[in-house]
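The values are calculated or read from the model by the stated rules, or taken from the named source; none is laboratory data. A quick note: this is a predicted structure, and the numbers were derived from the prediction, not measured. Here the Cβ positions follow ideal geometry from the backbone for every residue, glycine too, while neighbour counts run over all protein chains shown. Heads up: the accessible areas ignore ligands, DNA and RNA and are worked out on the full protein's heavy atoms, side chains in. Shrake-Rupley method; radii C 1.70, N 1.55, O 1.52, S 1.80 Å.
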Amino acid sequence: MAGLAVAASAATVASFQFQPSLSASRFAPVLAPAASFRTQACGLRCWIAAKLKLRKALKRHGWQLQRNLDARRNDRIPDHLEAALLTENRTHRNIHHAYDSGGEMASASSDLLGSSTVSKNSLQQGPNPSEIRSPVQDEESSMSNGHYDGEPSLCIAVIGATGELARNKVFPALFALYYSGFLPRNVGIFGYSRKKITDEDLRAIIEANLTCRVDHHENCDDKLNEFLKRTYYIDAGHDNKVGMSRLNSKMAQIEGTRAANRIFYLAVPQESLLDVALPLADGAQTKKGWNRIIIEKPFGFTGLSSQRVTQSLLSRFEEKQIYRIDHLLGKDLIENLTVLRFSNLVFEPLWSRTYIRNVQVIFSEETATEIQGRYFGNYGIIRDIVHSHILQTIALFAMEPPVSLDGEDIRDEKVKVLRSIRKVDLEDVVLGQLKDTSGKVDRYTKSMTPTYFAAAMYIDNARWDGVPFLIKTGIGLMKNRAEIRIQFRHVPGNIYRERFGHDIDLDTNELVLRDQPEEAILLKVNNKVPGLGLQLDASELNLLYRDKYDTEVPDSYEHLLLDVLDGDSHLFMRSDELAAAWNVLTPVIHEIDQNRVAPELYEAGDKGPINAYYLAAKHGVRWDDDW
């Protein structure tokens, strides 16, 4: 067995080729002198199993796993796991951050080649058990003393740092990730804007919104102080070229000579996007690691303007660097779409026109603040909510099974769905606008901008042909609501039909995935009422997250920022998805603008325009009225 282990490890070394992609780095071969010794003790099979387990943990938890192990360094780690941990940490750090798009990291490449040579020689000569433990101790000692020689630095810049989005969402999400151990301890956080303030001013601005979650409240003040000390401010001035040069210099100062990765969050209005992004591309990207930029929705005002922005961005960045973020896609509801379908045999065979009668996608907000007013006054609910959130939800729901969970494989399937959605007819659309009766609603009510949108959509492919997808979204409605309702077809020749009385829809099975008002998965089934006689009732089998899971749900920005850090792109729109979504909506937007279609007014706190119910009836659907 020992000979087999040596041969297998040597073959791995010989066949290893450095791969720049992130996905390859996560599954790259692990090279270390510890491998041979440990496989002699527990066998090749045991060693492989331990390494696979560690890879999975590192892929999922990254720096948090190392932090937890460091905190428990006095505990004894099993020998075979200790050896695998050492090799995994070294390879994971060198490869995972070496490439994405920002240029080569020569030092990491040479380190890997050197490691390969050492491993090969060690395997041939046979390792000394004492030599195996000392690197782990050295590693832990280095980390506990605050040195990070083998760990690439990470810098995160928030462009538009003094705006409401940055203050209320982005910085709190970054702190939550830092507190939970998902950001490396040598991270640098940078705020960038045109206001004349100092580092201390920025720290004071954001500190008011930084809190620790209830379920992780230990050492909150210490972590908060650490985070604020690692937060710096860059004055952009009046020229972004000069400002980005300052940002680059400050980042380089923090990074030192180590490998370096950078994330840029562009929390700026669409009209300012290129003014910031292009100088950033030229003057603030690192050449010692990867660079990723995050762009906020909406992604253009029309299909043509969106295409121009995309072309400009792709002239300076690669597609894999661009993350178009929609915070609504960071909800657990969205992730549950694929988990529920592809990991449960009971649902996957039913996921087609054969068994599903209609699908309802509902997203409503009860608030109508001045912030929303100014925002909707420029873009409206179609460009803001429907173009990104609603269509992405439908694409994730209706896509074919992807080859893998890799972001590109999932996006390949999503874009097929978007290209198959039939162009929306104005006759299948209901527009609404919140009536200004209280005096608190902003001036968008004086324009024709819709604040409510309902429509019937169809996907022209073999799986979903003829199934209506009814969408309904608006602001200023009765309550906050976000859910997907799947209504199944009636049982053919149902022998219990007469037991349901006049309500023929009572026997319809229904699956509900809900994010608001409370997270839940509900399944509506028919059952017999206890007692004598035969009386049927429709009941809900429910999974309420607050009852099942005693934990606080992270904010969607935390989820999506962690995905960017991991290079997971499946919840972010690719350029071809962006174009396909505009192709679906552009005709109806053009017709609305040309004909100046007047939206139906509705009261604040109401259910929305009455015509939405006629629209649903036209397509054989009855909206659920559980407001």
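Based on protein heavy atoms only, the range 523-610 ends up with 52 Å² per residue of surface accessible to a 1.4 Å probe.
With r defined as the distance between the Cβ atoms of residue 619 and residue 221 and R0 fixed at 51 Å, what FRET efficiency is calculated, to the nearest 0.05? After rounding to 0.05, the efficiency reads 0.35.
From the square roots a ≥ b ≥ c of the eigenvalues of the alpha-carbon gyration tensor of the range 277-375, which class results: rounded (a/c under 1.5), prolate (a/b over b/c), or oblate? Prolate, since a/c reaches 1.5 and a/b exceeds b/c. Averaged over residues, the count of other Cβ atoms within 10 Å places the peptides 413-423, 302-312, 547-557 in the sequence 413-423, 302-312, 547-557, highest first.
Scanning residues 5 or more positions from residue 234 or on other chains, those with amide H under 5 Å from its amide H are 191, 192, 193, with H placed 1.01 Å from N in the peptide plane. In this structure, the pairs whose alpha-carbon distance is over 24 Å, taken from 169/223; 435/618; 297/524; 414/607; 297/331, are 435/618; 297/524; 414/607. The fraction of accessible area contributed by carbon and sulfur in the range 518-627 is 51 percent, rounded to a whole number (1.4 Å probe; ligands and nucleic acids excluded). Rounded to the nearest Hz, the phi-derived 3J(HN,Hα) couplings of the range 336-345 under the Karplus curve 6.51 cos²θ - 1.76 cosθ + 1.60 (θ = phi - 60°) are 5, 4, 7, 4, 4, 6, 8, 10, 10, 4, where x marks glycine and proline.
Annotation: peptides 561-572, 395-406, ranked by per-residue average of other Cβ atoms within 10 Å with the highest first, follow the order 561-572, 395-406.
Taking all protein chains together and a 1.4 Å probe, the residues 523, 541 rank 541, 523 from largest to smallest accessible area.
For the range 257-352, which whole-number percentage of the solvent-accessible area (1.4 Å probe, protein heavy atoms only) is attributable to carbon and sulfur atoms? The C+S portion of the solvent-accessible surface of the range 257-352 is 57 percent. Most tightly packed first, judged by the mean number of other beta-carbon atoms within 10 Å of their residues, the peptides 341-350, 614-623, 470-479 read 470-479, 614-623, 341-350.
For the range 551-556, putting each phi into the Karplus relation 6.51 cos²θ - 1.76 cosθ + 1.60 with θ = phi - 60° gives couplings of 8, 7, 6, x, 5, 4 Hz, in residue order, rounded to whole numbers and with x for Gly and Pro. Oblate is the label for the range 206-259. Its Cα gyration tensor axes, ordered a ≥ b ≥ c, give a/c of at least 1.5 and b/c at or above a/b.
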